[in-house]
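The values are calculated or read from the model by the stated rules, or taken from the named source; none is laboratory data. Note that the structure is a prediction, hence the values are computed from the model and not measured. Positions of Cβ are generated from backbone atoms using ideal geometry, with glycine treated the same way; all protein chains shown enter the neighbour counts.
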Amino acid sequence: MVNFNKVILIGNLTRDPELRYNPSGTAVANLSIAVNRRYKQGEENREEVGYFDIVVFGKTAENCGQYLNKGSGILVEGRLQQRRWETDDGQKRSKVEVVANTVQFMPKRQGGGGSDAPDEMIDEGDIPF
């Protein structure tokens, strides 16, 4: 049986990145993005928003911490990972997050938002969907 776990998201940061370093010195950035979905239901245009937690490691994490802020647009490519743990009072918890392999900064929007990093143009033909 073949296994496959890949996710690609384009969205905007809902808060500034949280950059920290683990005990071995590896940079870890936690991001949260909002991804809009527009669709038509009958004659009515609708929109819904999904919120996703992203974890980034290494130099990419440091770049995210340096150049991104709330409202920045990013394209994330990675895999889904489920973390499980038990709280101090014995409750079982779990969380699904995206572990990023690559993070691409989107061009700044007119009127604010976006990052301070140099603009990188993304050719829509490069997006595999």
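Please determine whether any residue of the stretch 102-119 is over 23 Å from VAL28 (Cα atoms) and modelled with pLDDT of 95 or more. No; the residues of the stretch 102-119 include none that is over 23 Å from VAL28 (Cα atoms) and modelled with pLDDT of 95 or more.
Quickly run through the stretch 1-11 and pick out the residues that are outside any loop (DSSP other than H, G, I, E, B) and either under 15 Å from GLY73 (Cα atoms) or charged (D, E, K, R) (or both).
Kept after step one, since they are outside any loop (DSSP other than H, G, I, E, B), are these residues of the stretch 1-11: 7-11.
The answer is ILE8, LEU9, ILE10, GLY11.
Which condition breaks for ILE54 when tested against (1) out of contact with any Gly (no Cβ under 7 Å at 6 or more places or on another chain); (2) aliphatic (A, V, I, L, M); (3) buried (at least 17 other Cβ atoms within 10 Å of the Cβ); (4) farther than 18 Å from GLN81 by Cβ? The single condition ILE54 does not satisfy is (4).
Which one of these is in contact with an Asp or Glu (Cβ under 7 Å, 6 or more places away or on another chain), closer than 24 Å to PHE4 by Cα and touching a residue at least 12 places away in the same chain (Cβ under 8 Å): SER32, SER94?
Details: SER94 fails: in contact with an Asp or Glu (Cβ under 7 Å, 6 or more places away or on another chain).
SER32 is the lone residue from the list that is in contact with an Asp or Glu (Cβ under 7 Å, 6 or more places away or on another chain), closer than 24 Å to PHE4 by Cα and touching a residue at least 12 places away in the same chain (Cβ under 8 Å).
Taken as a whole, the structure leaves GLY90 outside the set of residues that are at pLDDT below 50, out of contact with any helix residue (DSSP H, G or I) (no Cβ under 9 Å at 6 or more places or on another chain) and not in a strand (DSSP E or B). Look at (1) farther than 19 Å from ILE8 by Cβ; (2) modelled with pLDDT of 90 or more and you find that ASN36 fails only one, number (1).
Consider GLN66 carefully, then state whether it is over 14 Å from the mean Cα position of the chain (by Cα), at pLDDT 95 or above and part of a helix (DSSP H, G or I).
Numbers: over 14 Å from the mean Cα position of the chain (by Cα): yes; at pLDDT 95 or above: yes; part of a helix (DSSP H, G or I): yes.
Spelling it out, GLN66 is indeed over 14 Å from the mean Cα position of the chain (by Cα), at pLDDT 95 or above and part of a helix (DSSP H, G or I).
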